[in-house]
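Trainee: If you scroll down you'll find the structure; I have some questions about it.
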Amino acid sequence: EQKWADKMLKKLSLEEKIGQMIEVRGIMGYFNAEDPRQQQLVSDIRKYHLGAVHLTSQIDGVLLLRNGPYAAAMTTNILQQAAGGKVPLIFSVDFERGPSMRLSAVPAFPAAMAFGATHNPEYAERFGRIVAEESRAMGIEWNFFPVADVNANPKNPVINTRSFGEDPNEVSAMTVAYIRGSHSGGMLATAKHFPGHGDTDTDSHLDISRVNGDMARLNAVELPPFKADIAAGVDAVMIAHVAFPALEPDPNKVSTISHNVVTGLLRDQLGFKGVIVSDAMEMKGLTKLYPPGNGNPAGRAAVDAVKAGQDLLELPSDLDGTYNGLLQAAKSGEIPKAQIDASVRRILLVKAKVGLNKGDMVDVDQVQYHVGKPSSYALAQEVADHAVTLVKDGNHVLPMMRAAPEAGEGTFPARPAYVQQQQDTAGSGQAANLGAANPLLAVLFVDSVHGENGRMLERQIRARVPDAKVIYVDDRSSPLEADGIAALLPQYRRVIAAVYSIPHAGRAGVDQTSLNAMAMESTTGTVLQNILNKAGERTVVLAVGSPYTILDFPSVQTYLCTFSTAQTSEIAAVKALFGEIAIHGKLPVTLPDIAARGEGIDREISAPAASETGGRQ
């Protein structure tokens, strides 16, 4: 590998070396050869001698347009053929939750915090191995994962459930296990976002983030997972667009462009020898420091990042400006050519590590043997099941009961009887008089009523209670739905309020800031609070995603967490609600004034599983 890297380095011109240090975005999907988007990408790869492509999927409004594994494999093959350069392309992805984040027909693993709730690093290792096998079969060699951030701030709008938790030791154990699994499957792993993005309350996609802890705090909380990952042989470390005054006194420098952070701390003090990659250079956490109208802002940002010690620049805001800015800085001596050579050699070494020195095409016929194995689906569901955590059970509404099928029938009647729990007769006067009421009302608080969140949850609920009333509520519809939901509350024996809340990169929240992007909007929050005020003794709040929702609604009596919106987590949630699986998850984070990390109420199985389990989605 080293001989190949050295040999290739000598063959490359300065222009080609600069191109190796830049990564642009590509779409996993079908494009006609004459499609202008495809032609532009191929043209850019050739013109700028690009070394890497970061693959993702198209987005149409709130919908992620997922293609299948064959489309991904064909994409990598086509781009490799079209590139035609001296050095093969390397393809990276953000498969934080596995390929299901971007592709269909693959298992839907839950978010990292769900793994944290299982407190079982073996799951993370097996997950890493599966992601690696599936990715390599599609021609993808490099995952920008694991997230080594310690989520120490409940208001974190961008890390949150992407982190394994708030305990540095447990985050270290999980990330090291994932790296081990990834390597066993032949895939490169990346620890991110150095030196730590877990204690921020702003999203670096939208604004400049800051971590104000002193060095003692950084050494105790933020840095341990990165140190452990480096010792475990992680291939790359991604730098965050986050300011750390304890490391960099210049208020106009985030970590990306700080020599103190990138070279002084990561390279020199921690001894990291692999590839240092920037977070996306198009993010406002960096670009706000380089406003337009001042020469070549993208080029200046790129030069400053490389001078700080970056090897690979991801997703530049201006490709031409970035390339030419770096090229001129190298020609002028502002960036020493020896530093360019060192960075390119590291990139060539990881390309050789994944076998690109021996061949760069994948056999599409082999995809069916490596992607979407039944055992992988089973593991994804097992992790989601084991992650479910019961934080509070104050009104004793769990387990809920399924509708009873008619005698001798295997299907549910059109108007099923509702099996009544003993608690109903011993409850409040209002609840005790609801014997003839409808069985179940489910209010799903989602990002968009037109999106995919909640669909599997609804299917799973209806498989158990066909008469259930299911209402989707988002920021726009909540004012229209509020009165109707309030009128329905007295008619239902049980209420499920499912709150979908996960970090979305670049998502602005209330008042169009990132400070509260994870919080419910005032309109939806009012609807939830009204449910709690009028039917709290009959309601279970299901946190489908962030566990921190309860901090804004302390009157919640029964609170169940999944830490993820993956369909496997939706299935697990409903199974837990109806007593079909044991509940043994433990919080990987603290919920201030509610519950401490490591807490969780255990429940054993109390009902047989429903006939519908959801299957592959």
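The values are calculated or read from the model by the stated rules, or taken from the named source; none is laboratory data. The shown structure was predicted, so the numbers you read here are calculated from the model rather than taken from an experiment. Glycine gets a Cβ as well: all are built from the backbone with ideal geometry, and neighbour counts include every protein chain shown. What goes into the accessible areas is simple: the full protein's heavy atoms, side chains included, and nothing from ligands, DNA or RNA. Shrake-Rupley method; radii C 1.70, N 1.55, O 1.52, S 1.80 Å.
Trainee: So with the 1.4 Å probe, I'd like the accessible area per residue for segment 241-381, rounded to whole Å².
Mentor: On the way: 5650 Å² over 141 residues.
Using a 1.4 Å probe on heavy atoms only, each residue of segment 241-381 averages 40 Å².
Trainee: Give, in nm to one decimal, the length gained when the segment between Gln269 and Asp60 is fully stretched (0.36 nm per residue of separation minus the Cα-Cα distance).
Mentor: On the way: separation 209, 0.36 × 209 = 75.24 nm, distance 4.44 nm.
That pair, Gln269 and Asp60, stretches by 70.8 nm at full extension.
Trainee: Show me the three semi-axes of the equivalent ellipsoid for segment 20-119, from the C-alpha gyration tensor (sqrt of 5 times each eigenvalue), largest first, rounded to whole Å.
Mentor: Details: eigenvalues 153, 52, 25 Å².
Largest first, segment 20-119 gives 28, 16, 11 Å.
Trainee: Would you work out the Kirkwood radius for segment 175-319? I mean one over the mean of 1/r across all pairs of different Cα atoms, in Å. Each step should come with its number before you reach the end.
Mentor: Details: mean 1/r = 0.0652 Å⁻¹.
That comes to 15.3 Å for segment 175-319.
Trainee: Antiparallel DSSP bridges in segment 13-107: what percent, to the nearest 5? Provide the component values of the computation, followed by the final result.
Mentor: On the way: 3 of 13 bridges.
That works out to approximately 25 percent antiparallel.
Trainee: Roughly what would the spin-label model give for Asp467 and Ser375, points 7 Å off Cα along C-beta, in nm?
Mentor: Label-label distance for Asp467 and Ser375, simple model: 4.5 nm.
Trainee: Now for a different question. Using the Kirkwood formula over every pair of different C-alpha atoms, what hydrodynamic radius in Å results for the chain? Walk me through the numbers before you get to the answer.
Mentor: On the way: mean 1/r = 0.0395 Å⁻¹.
Kirkwood radius, the chain: 25.3 Å.
Trainee: Given the chain, what percent of its DSSP beta bridges are antiparallel, to the nearest 5?
Mentor: In the chain, approximately 20 percent of DSSP beta bridges are antiparallel ones.
Trainee: Mean separation of Cα pairs under 8 Å and 6+ residues apart, divided by the residue count of the chain: what relative contact order is that in percent? Each step should come with its number before you reach the end.
Mentor: Working: 1375 pairs, mean separation 96.7, N = 617.
Value for the chain: 16 percent.
Trainee: Of the listed peptides 573-584, 373-384, what is their order by residue-averaged count of other C-beta atoms within 10 Å, with the highest listed first? Let's see the in-between values first.
Mentor: Details: 573-584: 23.7, 373-384: 18.9.
Taking the mean over residues of other Cβ atoms within 10 Å, the ranking is 573-584, 373-384.
Trainee: In whole percent, how big is the carbon plus sulfur part of the accessible area of the chain, probe 1.4 Å, protein atoms only?
Mentor: Numbers: 11520 of 23110 Å².
With neighbouring chains kept in place, the figure for the chain is 50 percent.
Trainee: Let me ask something additional. Quote to one decimal, in nm, the extra length available between Ala482 and Lys337 on full extension: 0.36 nm per residue of separation minus the C-alpha distance between them. Numbers along the way, then the final one.
Mentor: Details: separation 145, 0.36 × 145 = 52.20 nm, distance 6.38 nm.
45.8 nm is the gain from fully extending Ala482 to Lys337.
Trainee: Next up: Please compute the length gained on full extension between Asp6 and Gln368, using 0.36 nm multiplied by the number of residues separating them and subtracting their Cα-Cα distance.
Mentor: Details: separation 362, 0.36 × 362 = 130.32 nm, distance 3.62 nm.
Stretched out fully, the Asp6 to Gln368 stretch lengthens by 126.7 nm.
Trainee: Given segment 220-291, report the % of alpha carbon pairs whose separation exceeds 20 Å. Write out the running numbers ahead of the final one.
Mentor: On the way: 750 of 2556 pairs.
I get 29 percent for the Cα pairs in segment 220-291 exceeding 20 Å.
Trainee: A further question follows. Label segment 533-593 by shape, choosing from rounded, prolate and oblate, from the square roots a ≥ b ≥ c of the eigenvalues of the Cα gyration tensor; if a/c is under 1.5 it is rounded, and otherwise prolate applies when a/b is larger than b/c, oblate when it is not. It would help to have the intermediate numbers written out before the result.
Mentor: Numbers: a/c = 1.80, a/b = 1.23, b/c = 1.46.
Note, shape of segment 533-593 comes out oblate.
Trainee: Roll a 1.4 Å probe over the protein chains and send me the accessible area per residue for segment 81-210 in Å². Before the final figure, lay out each step's value.
Mentor: Values: 2940 Å² over 130 residues.
Computed with neighbouring chains in place, this is 23 Å² per residue.
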